[in-house]
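Step one of this worksheet: look at the structure below.
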Amino acid sequence: NKTGVKKGVVGIGYYVEGERLNELKDYMKEEISLKLSSIKNDRKFLIEKINSSTITNTVFYETINNNGVIEYSFQMNRDINILGRKSSTEFILYFIITFCIFILIVFIFLKKTVYERVEILTKKVKEIRARHGENIQIEFSGNDELSELKNEINSFIEKLAVAHEKLKAREEKYRALYNESAALHIIVNEKYEIVDMNNAVLKLIEVNRENILGKRISEIVHKDDLENLLRFID
């Protein structure tokens, strides 16, 4: 009648052994053990470790007539161990994925902010070297050390271009004076090869400039004067 003080639980069932126990094992698909012992045990249950992933639980039931103790044992997985290994695996997996994502983000960031601008800078510097004297400006956005370097290079190139134009104008002026001078001007290198000559010389020896450049000075100077001339050049 659900009255009185609750003092425990009475379990009523069959004690099985032998073939019936094996049938029970097959049915439950668990490694279980059931035996009747005459040894009194103050414990209600016992947990023993089999290996890193399995434990054996043993529950002790005293019979109502106190003629023995039923020991019911069954194996089970160590849930905390499995959970720990699962958590460790998940953590390592998440860490690897997070690390890969982080590396990808860093790579994209560096590619956009550093690598692409360095590439532009390198190409422009090569172009500036190939097209010496032209005012070629480097253009990319940003506000960091690379941008400062770009501004310094642009400023330097701009000044070089101005200096180049002045030098070019000066060269043209002096070349005009050189070509139109009445004096004979012949430029030779260390091998006594003719590098250039002015119009006065060309008129005197009656040759075209293209036909005489690269020839040795000995080919246009009289042999009687050659020794003194070479000594003078040296």
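Observations on the model:
- Mean separation of Cα contacts under 8 Å, 6 or more apart, over the residue count of the stretch 52-211: relative contact order %: 10 percent
- Whole-number percent relative contact order across the stretch 105-171, with pairs defined as alpha carbons under 8 Å at least 6 apart: 30 percent
- For Ile220, distant residues with modelled amide H under 5 Å away: none
- Residues considered: Ala182, Ala130, Ala169. Largest GNM mean-square fluctuation over the chain, using C-alpha springs under 10 Å, is found at Ala182.
- Listed residues Asn57, Asn189, Asn143, most fluctuating in the chain (Gaussian network, C-alpha, under 10 Å): Asn189
- When you work out D = kT/(6 pi eta Rh) for the chain at 20 °C and 1.002 mPa s, using the Kirkwood radius from C-alpha pairs as Rh and the Stokes-Einstein form, the result is 72 µm²/s.
- A straight Cα-to-Cα reach below 18 Å connects Lys123 with the lysines Lys111, Lys112, Lys150, residues fewer than 8 places away in its own chain not being considered.
- Taking the C-alpha atoms only, the angle from helix 145-180 to the longest principal axis of the chain is near 10 degrees.
- Taking all Cα pairs closer than 8 Å and separated by 6 or more residues, the relative contact order of the stretch 1-135 comes to 16 percent.
- Accessible area (Å², per residue) of the stretch 1-75, counting only protein heavy atoms and a probe of 1.4 Å: 87 Å²
- Tyr192, Tyr27, reordered so the largest accessible area comes first (probe 1.4 Å): Tyr27, Tyr192
- Spatial separation of Cα centroids for the stretch 107-176 and the stretch 3-76, in angstrom: 88 Å
- Here is the size of the stretch 104-234 from its Cα atoms: Rg then Dmax, 24.9, 81 Å.
- Taking the accessible area of the chain, probe 1.4 Å, and keeping the other protein chains in place, the carbon and sulfur fraction comes to 57%.
- Helix axis angle, 223-233 relative to the chain longest principal axis, alpha carbon, degrees: 50 degrees
- Per residue, the convex hull volume that the Cα atoms of the stretch 47-139 enclose (Å³): 91 Å³
- Full-stretch length increase - Lys2, Asp26 - with 0.36 nm per residue and alpha-carbon distance subtracted: 4.8 nm
The values are calculated or read from the model by the stated rules, or taken from the named source; none is laboratory data. Given the structure is predicted, the values throughout are model-derived calculations rather than measurements. Only protein heavy atoms, including side chains, enter the accessible area calculation; ligands, DNA and RNA are left aside. Shrake-Rupley method; radii C 1.70, N 1.55, O 1.52, S 1.80 Å.
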